[in-house]
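> Please read through the structure below; I'll follow up with questions.
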Amino acid sequence: MTASDDGTVALVGCGRMARALVRGLIAAGHAPERLTGVSRTGRGARALAGEYGIRPAATLAEAVRDATTVVLAVHPDETADALAELAASATPRHLLLSLVASWRTEAIAARLPGVLVVRAVPNVAIAERDGVTVLADTSDGAALDSVRGLFAGLGQVLVLDEDLLEAVSALSGAGPALVARFAEALASAGRAQGVPAGTADLLAARAVRGTGALLAGGATPAAVIDSVASPGGMTEAALRRLDEGGLPESVRQGVDAAVRLSFGRLATA
């Protein structure tokens, strides 16, 4: 039995990632009335209630009262205040699932004595049940199994050493935005060649989706490139120009910038 089976799931913070989680869970068959949301101003919780039918709570204490799993999904800068408030309501019967960037498991656990804590890095594709969620390896196998159960219907679930999670956040958590930026640029290039806007957007989106399907099916990036780029052809010319323009290095620098920002604000116990 998972935590989500024997009680409600309380979402503390109702922003982008909480929305993706709610959408994915409901699509996977989770009853919306077993999801409770609370947000700092109340607007986020009310929005999710209106769109998906979850229960909005007026206070954090109300949200977690009947919950077994508490999902912490606030901004890193708001985390200390949220944990201080949670300390008055969280008990050893709760499992705290943290989606907060730059807060290590021990930093959160130190503020919630007796509460099991699991840190997770999902990406927004969990909304479509096609995401990937990376869990920080902990010594409590039952807690990990419970969180695995929560995310099992939302895509793939991996467990890695927590020291890697800042890099995971940059690579996988931010990954959909980075890929979407490339799709945006690809569509823009198509429009510049005279392709109608809607068609250019569709072609770029389908290129990303189709490539993702090939990679998910076991093809390597090199194999996909080789299947398209014939010697002296259009694709080879385009790839050469991207390399000359510094695309690989730009991506590396982008991921590095995200990792450095996360480590720069890393909270420790």
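> Can you pull out the residues in the stretch 80-108 that are of a type in the set (S, T, N, Q), in a loop (DSSP other than H, G, I, E, B) and touching a helix residue (DSSP H, G or I) at 6+ places or on another chain (Cβ under 8 Å)? So that I can check it myself, show each step before the final result.
Just the residues of the stretch 80-108 that are of a type in the set (S, T, N, Q), to begin with: 89, 91, 98, 102, 105.
Now restrict to residues that are in a loop (DSSP other than H, G, I, E, B): 89, 91, 102.
Answer for the stretch 80-108, where residues must be of a type in the set (S, T, N, Q), in a loop (DSSP other than H, G, I, E, B) and touching a helix residue (DSSP H, G or I) at 6+ places or on another chain (Cβ under 8 Å): SER89, SER102.
> Against the definition (farther than 19 Å from VAL168 by Cβ, in contact (Cβ under 8 Å) with a residue 12 or more places away in the chain and within 21 Å of the chain's Cα centre (by Cα)), how does GLY131 come out, yes or no? Step through it out loud before you land on a result.
Details: farther than 19 Å from VAL168 by Cβ: no; in contact (Cβ under 8 Å) with a residue 12 or more places away in the chain: yes; within 21 Å of the chain's Cα centre (by Cα): yes.
Answer is no for this residue.
> Here's a follow-up. Taking helices (runs of 4 or more DSSP H) that do not extend beyond the stretch 152-263, which have at least 1 residues that are touching a Lys or Arg at 6+ places or on another chain (Cβ under 6 Å) and either at pLDDT 95 or above or exposed (fewer than 13 other Cβ atoms within 10 Å of the Cβ) (or both)?
197-216
> Any residue at all in the stretch 130-137 that's among the hydrophobic types (A, V, I, L, M, F, W, C) and in a helix (DSSP H, G or I)?
Taking the stretch 130-137 as the starting set, the residues that turn out to be among the hydrophobic types (A, V, I, L, M, F, W, C) are 132, 134-136.
Checking the rest, the ones that are also in a helix (DSSP H, G or I) come to none.
Scanning the stretch 130-137, I find no residue that is among the hydrophobic types (A, V, I, L, M, F, W, C) and in a helix (DSSP H, G or I), so the answer is no.
> Right, next: When only residues in the stretch 109-128 that are without any contact (Cβ under 8 Å) to a residue 40 or more places away in the chain and not in a strand (DSSP E or B) count, which is nearest to ARG265 (Cα to Cα)? Let's see the steps before the verdict.
Quick first cut of the stretch 109-128, residues without any contact (Cβ under 8 Å) to a residue 40 or more places away in the chain only: 111-118, 120.
Cutting the leftovers down to not in a strand (DSSP E or B) gives us 111-115.
Details: ARG111: 18, LEU112: 20, PRO113: 23, GLY114: 25, VAL115: 24 Å.
Among those that are without any contact (Cβ under 8 Å) to a residue 40 or more places away in the chain and not in a strand (DSSP E or B), it is ARG111.
> Sticking with this one: Pick out the one residue from ALA223, ALA238, ALA170, ALA189 that is more than 30 Å from ARG34 (Cβ to Cβ), in contact (Cβ under 8 Å) with a residue 40 or more places away in the chain and not assigned by TED's automatic domain parsing to the domain that holds ALA107.
From the options ALA223, ALA238, ALA170, ALA189, the qualifying one is ALA170.
> Among ARG65, ARG46, which is at pLDDT below 95 and surrounded by fewer than 19 Cβ atoms within 10 Å (Cβ to Cβ)?
Residue meeting the stated conditions: ARG65.
> Enumerate the pairs (first residue in the stretch 41-55 and farther than 17 Å from MET17 by Cβ; second residue anywhere and of a type in the set (S, T, N, Q)) with beta-carbon separation below 7 Å, excluding pairs fewer than 6 apart on the same chain, so at least 6 apart or on different chains.
ARG55/THR36
> Can you give me the number of residues within the stretch 90-136 that are over 18 Å from LEU154 (Cβ atoms) and either surrounded by fewer than 18 Cβ atoms within 10 Å (Cβ to Cβ) or outside the structural domain of GLY153 (by TED's automatic domain parsing) (or both)? Before you say what the answer is, go through the steps one by one.
Restricting attention to the stretch 90-136, the residues satisfying the condition of being over 18 Å from LEU154 (Cβ atoms) are 90-94, 96, 100-117.
Next, only the ones that are either surrounded by fewer than 18 Cβ atoms within 10 Å (Cβ to Cβ) or outside the structural domain of GLY153 (by TED's automatic domain parsing) (or both) stay: 91-93, 106, 110, 113-114.
Residues in the stretch 90-136 being over 18 Å from LEU154 (Cβ atoms) and either surrounded by fewer than 18 Cβ atoms within 10 Å (Cβ to Cβ) or outside the structural domain of GLY153 (by TED's automatic domain parsing) (or both): 7 in total.
> In addition: Specify which of the listed residues (THR68, THR36) is in the same structural domain as LEU135 (by TED's automatic domain parsing), more than 16 Å from VAL118 (Cβ to Cβ) and part of a strand (DSSP E or B).
Exactly one residue qualifies, and that residue is THR36.
The values are calculated or read from the model by the stated rules, or taken from the named source; none is laboratory data. The shown structure was predicted, so the numbers you read here are calculated from the model rather than taken from an experiment. Heads up, the Cβs are rebuilt from the backbone with ideal geometry, glycines too, and the neighbour counts pull from every protein chain shown.
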